[in-house]
Each structure stands twice: as structure tokens, then as C-alpha cells.
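Written below as C-alpha cells is the structure these notes are about.
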Amino acid sequence: MGGLVTPYTITALDGVAYGLLLFTIAAGLTLIVGVAGVFSMAHGTLYLAGAYLAWHLADGGWTGLALALAAAVVVGVLGGAGLAAAVRPLTDRPLDQVLATLGIAYIAADQFSAVFGAEPRSVDPPRAVAGSISLGDYQYPIYRLLFIAIGLAVVAALFWLVERSRVGAVVRAVVADPGMAAATGLRIGIVRTSVLAGGGALAVTAGVLGAPVIGPAPGVDTTILVYSLIVCVVGGLGSIRGALLAALGVGQILTLGVAIVPGAAAFILAAAMLAVLTVRHRTALPGRPS
Amino acid sequence: MSSPLLRLEAVSRSYGARHAVDEVSLDLHSGARHAIIGPNGAGKSTLLHLIAGSLRPTGGRIHYAGHDIGRWPAHRRARAGIARTWQHPALARPLTAVQNVLLAVPGQRLTAIRPQPRAVAAAHTALAQVGLTELAERTAAQLAYGDQRRLDIAVALAAQPRLLLLDEPSAGLATSEVTRLAGLIRTLPADIAVLLVDHNLDFVSAVANTVTVLHHGQHITTGTPTEIRDHPDVRRVYLGTDTPTSPTPDSRATTAAVGTPVLRVRNLQAGYTGAPVLTDITLDVPAGQVTAVVGRNGAGKTTLINTIAGLHPAQPGTEILLHGQPLTGYDARRRARAGLGTVPQGRRLFAGLTVEEHLTLPRPHPTRSKTVDTRHVLDLFPALAQRRHHQPHQLSGGEQQMLALARALLAAPDALLLDEPSEGLAPAVVGQLATIITSLAATGTAVLLAEQNLALACQVAHDIAVLDRTRIVRHITTADIREDPAELHDPLTVPTTTPTPS
């Protein structure tokens, strides 16, 4: 036990929490890109909306958190459906969709600053889980452990939904061959809108739960967006499994990487991305059916 | 004879266990006009890619002008004099024709502000070679499709190649344009070797001195167009049979009550990038009947099936009716919901989904009167039961076809579209397939079958429509074919007519 708990394993644990948070956000985005073909630049905005929601409704008890979570689902579904409606006239014009969602993200960022102020806000977890427990010689925040548990539950639920249920089979069929899925009788339009709404709900919920870890502040939306895009691209668009591996990897590089080689973490992240993309491209080519 | 300009020694390219090109050997001398033909998936385009360097061989050697170029990158091969055109013209659309050609003229300095007069002259020479002088200042986007193809060849010629690779140069061209293209290729300088891949066999016999036939990646034979025409193996691979004279008696031809047609197609027109592929197609498929559409490669069979299924846009004037209900304005899903089932070419199974998941997707729409008994459908395909947790790439070709069929049947279609179901299947499995198709029709389903395998078409179909050069040229009942096999033989045999200049 004592040998296991070193500053590095504690940092690695932080990395797991960070990775699971990224996964919760990016899993929605990877499905949105894979299924609906929409590179939503407003995905970070949804996280930030959730974080502000948590800040606004947090009262140090469970009620505030529950209220914030309920509101998050509503805001996320409405936000996702709204995005779907906004990009619907731009079907098959991916660059225009990027511009449209980017515009929405800018407008939203401006509104957030106007409403919530430009200074970073800190969000406290509910009092019951606000303290720390000792892991060997170190104190570790309970909320972070709880967050890891919630994150793992989200992972399990998403895996079940996407890889085991009929809903998931429909979604994956639309990713694989939208034309043939339509000819099989599946409603492509509704599947796409639902994925945008579901992905939105996931991102806003992640914002509520993640607010004590990455608190609301101007610019957080862009940071989260960039990391989720990295997770999506490295993990492969539309792949939940890939997103999980990529998110955990990015989480480790951003925590453990910073601890071991401060200042070089950004370069490590870029190098790791390039390495993964190169290797995957090489191995993907030969077996690919044509 | 001098040493060949290009020599392929047992060149192979495999994707996993699949051999796209399997130990093909070939010699090409300067001045050769050599064509490669073969059914879809024979490995023709792959072979061109291997020679041009856009794919690397997984086995064998490629010698060009005395060098082993197997490991050379594509640009080095291009500089050594190998030029190519693409299946679809690869042009810079905003640039004018002459600017497109200029990009390919060798020996220019990148830093030069204006193109050198010598290069401009070379570009105009190349344009004159293909007869595009008058259109030199038009942008590529403004050119008609046939002119774009000629411009693509001009771009290749401007690089002053010693070996010119043409990938389906006649695809999408009208008959008169094909004739002009054949003339152009014949009059290319004698020191250029031309290797072309094409589906249009009339064009091939007009242009090529030598023809090589590939099938499933393997070299079948090489010879003059006349030798190829009479070669029994070629007929076999191209048509799936040597003669359509041995259909098994169709037990149900007499029992089928011919009612009003379930599926009606009127004046169907479709095309790709402006080039017509199908014109004025009219077909009726009554309940309980199998209508087969046969035709050579590239005749438009797949486009026909996809256009009816809503997977390819139809042009104005087309009418598709199911039970009298017009489907033309519907998307693929609403056509499926109205009762149209599709088993597309290449099966189009969903990668990453298991067999079981495939079978949970389709559901007959509640508004439809016809119901389907899932267990009964699966009883048709016992092989799938043991494969429930496998994904498409783990299935054999036959099992994939059965899965694609089951997926279509689970939606309880009134009309079923089948595109080349026998493609890549062993003869025993084709026999099984014939039984299934026959029993489907027996339950009242209208079946439209696009097939290259004439024996299968004759075995299961009540009537056969022959597709040739964008239209249906003949429509006969299978009974008539049995009496007079030559009926079908003429429009289908490998090179029918020598092209008449128009």
C-alpha cells in the first residue's frame, strides 16, 4: 500500500478523473460527428453552461446538485436539439456547419461573460463530500474519488447503450452506412437529432459534475472544445471505445505529464497524437475491406 | 524483339486474406495498345494503381525501362514517364483548360512568375492532340463531361509520358464521344505505350491490339481482341456461364398468377455527373414473379436498382410506383416503409454490427398489412443462427449474402430488389440462393433481380430484360429463351459489334 502511494500515483489518479471528465464530454461529440456529421464547435460551450449552472444552483447540499443535474439534462437536450435545427439547412456543408456552430459558441461566450462576469468562479462540491481522506501519507479530495466512480458508471452506461442495446445498433448502423440504414427503414433524421440532443445533455451534465474540478471561467469552453476534439480525432470518429482510451491518455498527459516534465506537456500531447494517428493509419490500411 | 518497356513479374496485392491482384505477369512494349478487362472486382484498377505507384505491391516485381520500380514513390514514377488518368477526371476545376495542362508540363521553374513560352506551347500542343484547342480558355468546370475526360488525357500527355495508363476512359461518355476517344488513342505517337482498363468492350476492341482478361485478381488469358472474343474462359467469367442453354425447368412458371404489377417503373432516367447511365427504362414486376435485368458490366444494372431503392437520384420524368403509390419523391426510408426491400450490390452490411444486431434493425412498419414471422425468415437461413455474434467481416461471402437477404426480408417487403446476389459466391451457394429466391416469389413477393450470372437469371426468372447502352434493348420471357437460346446470346456475348463511326 505504502509503496503504491507516491506523488506520481496520486497525480495519475488525478489524471484518471480528468480523463473520465473528458470522456463524458467527448463521447457525445464523437457520436455527434460520427452519426450526424456535425463538427460542433459549440460543444465546449455546453460544458461551460453546465459549470455555470452548477455555480448558480450550488447550495452546498445535495438538493442544489440534484436541481443542477435536472436543469442540465433539460438545457443539454434543448441546446443539442437547437444546434441540430440550426445546422439542418447546412446539411452536407461541413465547413458552413463549423462556422455556424463557432458563431453560436462566440455569442454564447459573450453572453456568459455579460451574465456571470469575467472572473473565474469556484464551485464547491456538496459539503458531505467536500473533505479529504488520507491515502497513505497523502490527503485526497473525496469529491474527486466520487467523480471517478460516477465517471466509471457513465462509461459503463454508455458502453451498454451504444454496444449492447438496439438503440446503439441503430446509431452504429447510421455511422456505418447512412444510405443503407435509410433503405432498411431507419429514421436517419431523428437518429441524428437525438444524438445531438443526447450528446448535448452529456456535455452539460459533465459541466455540472466537473465544475468543482474545472470551474467556470471565460475561455474554459475553448479549452474543453480543443481537448474533446483531440479525443475524438485520436480515438476515431464515432468510436466510444476509442474515445475512452484517448480521453484517459490525454488525462494522463495533462496531469502526470505536467508533473514529470513541466513545460513540455503540450509537446508530449502533440507528439502522442501524431504517433497514435500515424500508427493507426498504418495498421488500418491493409485489412480494410474495399 | 527489344526488351519490354514495362514488365510485371507475378505482381500481387492482397488486403488481408483477399487477393485483389494475384501473381499477374505482363509485358508491354513501346507503342503497345494494351487493354485490361474483367468483371467488377477483377483487380483492374488495383493493377493500374500498382504500376502508377499509388499502391505498393505485396509481392512480385515491376520493371520499367530497365529499373525495378516496385518501391519507387508515385511522383518518381511520374517523372520517369508514367502518366495516368483517373476513373473520374481529376482536374483543377476553377482553372482554364490550358492552365490545367500547364501544371503537368515538365521542366518549369516553380519561382517563375509567368509560364515560359515553351511550356505554353507544349500545353497547347497537348490540347491540340485531344482536339480541345478551341476550349483552351474555358475553365475545367465549364467543360462537358466528355471534354473533361479529354482534358484529363491532355494533362497526362503534357507530361510527355512513355507509358500512359487510362482508367476507364470511356466511362460516362456518349457513343459518339467514345468513337472520338478511340480515334484519339489510336493516333497517339507510336512511341507511347498505352495500358487501359475499360468496361466498354466495343471500345476496347477498337483501340487495343492486345487484351488481358483478369478475374478475381488472376490472369485468365492475353491475346488479340478476336482471340479473346472466342475464348471460352472469357465467356465464362464475363457472363457467369458459357451458354444460357441449360436452365433447370422452372416449376412455378405456370402457377404464378399474373396480377397487376406490384412494382412499376416508367421512363426512369439516371446518370452520374451529367453523363446519362439509364434512359427511358420501363419495367413491371407483378406479385409472385421474378424479373431479371441482365447486361454487361457497366450497362447500368446497379444504377437501376439504386435509383429504384432511392439510393441514387432519379432525373425528372422518372416514375416509380409501388401498388400504384408513387415513390419517386420519397427518400430511401419511406420507400422501405412503403414495402420496398433492397439487397444492394456488395451487400452493404453495417461494419461493426453483429449478425444479431443486423436482424434487430428492420421492423415492418405498423401501417403495413403484411406481417413477418421473424422465426420463419431465419429458418430460411440456418447458417446465420450459428453466427449470431459474428461481425460481417468474419462471415463468408455466402453468409454475408444471406444476412443481407434476411435484413431485407425482416421488413416484410412486397417488392424485393436484388443486385448481383451471386457475386463472389461458390456454385453450391448460388444454387441455394436460387432456391431461396424462387421460394420468396412463391410467397407472393415481386422480385427484381439484377444479375451478371445468366444461368442464375434464367433459372429463377420468369422474364428477362436486357440492358445495353443505357436502355432496355430486349425483354423476353424465360420460356422463349429455352426455345431459342440465341435470343439472349447476341446482345450479351463479349464484343458484339465493331463500333460504327457515327
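The values are calculated or read from the model by the stated rules, or taken from the named source; none is laboratory data. Since the structure is predicted, the reported quantities are computational estimates derived from the model, not experimental observations. Cβ: placed from backbone, ideal geometry, glycine included. Neighbour counts: every protein chain shown.
Go through the stretch B:335-367 and count every residue that is part of a loop (DSSP other than H, G, I, E, B) and farther than 22 Å from B:Ile305 by Cβ.
Total meeting the criteria: 6.
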Checklist entry - Does A:Ala58 fit the bill of being farther than 25 Å from A:Ile148 by Cβ and among the aliphatic types (A, V, I, L, M)? => result no
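Only one residue in B:Asp373, B:Asp414 is more than 18 Å from B:Leu304 (Cβ to Cβ) and in contact (Cβ under 8 Å) with a residue 12 or more places away in the chain. Which one?
On the way: B:Asp373 fails: in contact (Cβ under 8 Å) with a residue 12 or more places away in the chain.
Within the list B:Asp373, B:Asp414, the selection yields B:Asp414.
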Item to check | Only listed residue being free of Cβ contacts under 8 Å to residues at least 60 places away in the same chain, of a type in the set (Gly, Ala, Ser), within 29 Å of A:Asp110 (Cα to Cα) and assigned to a helix (DSSP H, G or I), chosen from A:Ala66, A:Ala27 | outcome: A:Ala66
Checklist entry - Does B:Arg235 satisfy the condition of being at pLDDT below 90, part of a helix (DSSP H, G or I) and surrounded by fewer than 23 Cβ atoms within 10 Å (Cβ to Cβ)? => result yes
Checklist entry - Hey, any hits in the stretch B:343-353 for a residue that's closer than 18 Å to B:Asp414 by Cβ and more than 7 Å from every other protein chain (Cβ to nearest Cβ)? => result yes
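Conditions (1) within 30 Å of B:Gly70 (Cα to Cα); (2) outside any loop (DSSP other than H, G, I, E, B); (3) in contact with an Asp or Glu (Cβ under 8 Å, 6 or more places away or on another chain), marked per residue:
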{"site": "B:Ala83", "(1), (2), (3)": "yes, yes, no"}
{"site": "B:Leu91", "(1), (2), (3)": "yes, no, yes"}
{"site": "B:Val120", "(1), (2), (3)": "no, yes, no"}
{"site": "B:Ala126", "(1), (2), (3)": "yes, yes, no"}
{"site": "B:Glu134", "(1), (2), (3)": "no, yes, no"}
Checklist outcome for this item: Selection from the stretch B:199-232 of residues closer than 30 Å to B:Gln459 by Cβ and in a loop (DSSP other than H, G, I, E, B) yields B:His199, B:Asn200, B:His216, B:Gly217, B:His231
Checklist entry - In the stretch A:31-52, which residues are touching a Gly at 6+ places or on another chain (Cβ under 6 Å), farther than 18 Å from A:Val75 by Cβ and either surrounded by 24 or more Cβ atoms within 10 Å (Cβ to Cβ) or modelled with pLDDT of 90 or more (or both)? => result A:Leu31
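Residues checked against (1) closer than 25 Å to B:Ser170 by Cα; (2) modelled with pLDDT under 90; (3) crowded, with 18+ Cβ neighbours inside 10 Å; (4) more than 21 Å from the chain's Cα centre (by Cα):
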{"residue": "B:Met1", "(1), (2), (3), (4)": "no, yes, no, yes"}
{"residue": "B:Ala32", "(1), (2), (3), (4)": "yes, no, yes, yes"}
{"residue": "B:Arg56", "(1), (2), (3), (4)": "no, yes, no, yes"}
{"residue": "B:His88", "(1), (2), (3), (4)": "yes, yes, no, no"}
{"residue": "B:Ala92", "(1), (2), (3), (4)": "yes, yes, no, yes"}
{"residue": "B:Gln108", "(1), (2), (3), (4)": "no, yes, no, yes"}
{"residue": "B:Gln116", "(1), (2), (3), (4)": "no, yes, no, yes"}
Next on the checklist: Among the residues that make up the stretch B:60-71, is at least one of them modelled with pLDDT of 90 or more, surrounded by fewer than 16 Cβ atoms within 10 Å (Cβ to Cβ) and touching an Asp or Glu at 6+ places or on another chain (Cβ under 9 Å)?
Outcome noted: yes
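Here is a yes/no grid of residues against (1) modelled with pLDDT under 80; (2) assigned by TED's automatic domain parsing to the domain that holds B:Gly183; (3) not hydrophobic (A, V, I, L, M, F, W, C):
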| position | (1), (2), (3) |
| --- | --- |
| B:Asn200 | yes, yes, yes |
| B:Val204 | no, yes, no |
| B:His215 | no, yes, yes |
| B:Thr221 | no, yes, yes |
| B:Thr224 | no, yes, yes |
| B:Ile228 | no, yes, no |
| B:Ser251 | yes, no, yes |
| B:Ala256 | yes, no, no |
| B:Thr273 | yes, no, yes |
Checklist entry - If you take the residues of the stretch B:302-326 that are within 12 Å of chain A (Cβ to nearest Cβ) and part of a loop (DSSP other than H, G, I, E, B), which of them is surrounded by the most Cβ atoms within 10 Å (Cβ to Cβ)? => result B:Gly310
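Among the residues in the stretch A:250-261, are any under 16 Å from the mean Cα position of the chain (by Cα), closer than 23 Å to A:Val175 by Cα and either at pLDDT 90 or above or of a type in the set (Lys, Arg) (or both)?
no
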Next on the checklist: Looking only at the stretch B:390-419, count every residue that is within 12 Å of chain A (Cβ to nearest Cβ), within 26 Å of A:Arg164 (Cβ to Cβ) and surrounded by fewer than 19 Cβ atoms within 10 Å (Cβ to Cβ) and tell me the total.
Outcome noted: 3
Checklist entry - Given the structure, is A:Val234 in a helix (DSSP H, G or I), within 14 Å of chain B (Cβ to nearest Cβ), over 28 Å from A:Ala118 (Cα atoms) and touching a residue at least 24 places away in the same chain (Cβ under 8 Å)? => result no
Item to check | Count of residues meeting criterion [out of contact with any strand residue (DSSP E or B) (no Cβ under 7 Å at 6 or more places or on another chain), in a loop (DSSP other than H, G, I, E, B) and among the basic types (Lys, Arg)] in the stretch B:144-166 | outcome: 0
Item to check | Residue count for the stretch B:282-301, restricted to those that are surrounded by 24 or more Cβ atoms within 10 Å (Cβ to Cβ), among the hydrophobic types (A, V, I, L, M, F, W, C) and farther than 12 Å from B:Leu449 by Cβ | outcome: 1
Checklist entry - Quick one: in the stretch B:5-46, which of the residues that are among the hydrophobic types (A, V, I, L, M, F, W, C) and within 14 Å of chain A (Cβ to nearest Cβ) is nearest to B:His231 (Cα to Cα)? => result B:Ala42
Checklist entry - In the stretch B:3-16, is there at least one residue being touching a His at 6+ places or on another chain (Cβ under 8 Å), assigned to a loop (DSSP other than H, G, I, E, B) and in contact (Cβ under 8 Å) with a residue 60 or more places away in the chain? => result yes
Next on the checklist: So, in the stretch A:158-203, exactly how many residues are more than 13 Å from chain B (Cβ to nearest Cβ) and in contact (Cβ under 8 Å) with a residue 24 or more places away in the chain?
Outcome noted: 12
Checklist outcome for this item: If we keep only residues of the stretch A:207-227 that are more than 12 Å from the chain's Cα centre (by Cα) and small (Gly, Ala, Ser), then the residue surrounded by the most Cβ atoms within 10 Å (Cβ to Cβ) is A:Ala211
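Taking the condition of a type in the set (S, T, N, Q) and in a loop (DSSP other than H, G, I, E, B), does B:Ser25 pass? Spell out the reasoning first.
Details: of a type in the set (S, T, N, Q): yes; in a loop (DSSP other than H, G, I, E, B): no.
Taking the combined requirement at face value, the residue does not satisfy it.
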Checklist entry - In the list A:Val154, A:Val129, which residue meets the criterion of being modelled with pLDDT of 90 or more, closer than 25 Å to A:Ala51 by Cβ and away from chain B (no Cβ under 14 Å)? => result A:Val154
Checklist entry - Which of the residues spanning the stretch B:273-304 are farther than 24 Å from B:Val204 by Cβ and of a type in the set (S, T, N, Q)? => result B:Thr282, B:Gln289, B:Thr291
Checklist entry - If B:Pro499 satisfies every condition in (1) at pLDDT 75 or above; (2) surrounded by 15 or more Cβ atoms within 10 Å (Cβ to Cβ) but one, which is the exception? => result (1)
Checklist outcome for this item: Only one of (1) in a helix (DSSP H, G or I); (2) within 24 Å of A:Arg187 (Cα to Cα); (3) over 18 Å from the mean Cα position of the chain (by Cα) does not apply to A:Asp92, and that is (1)
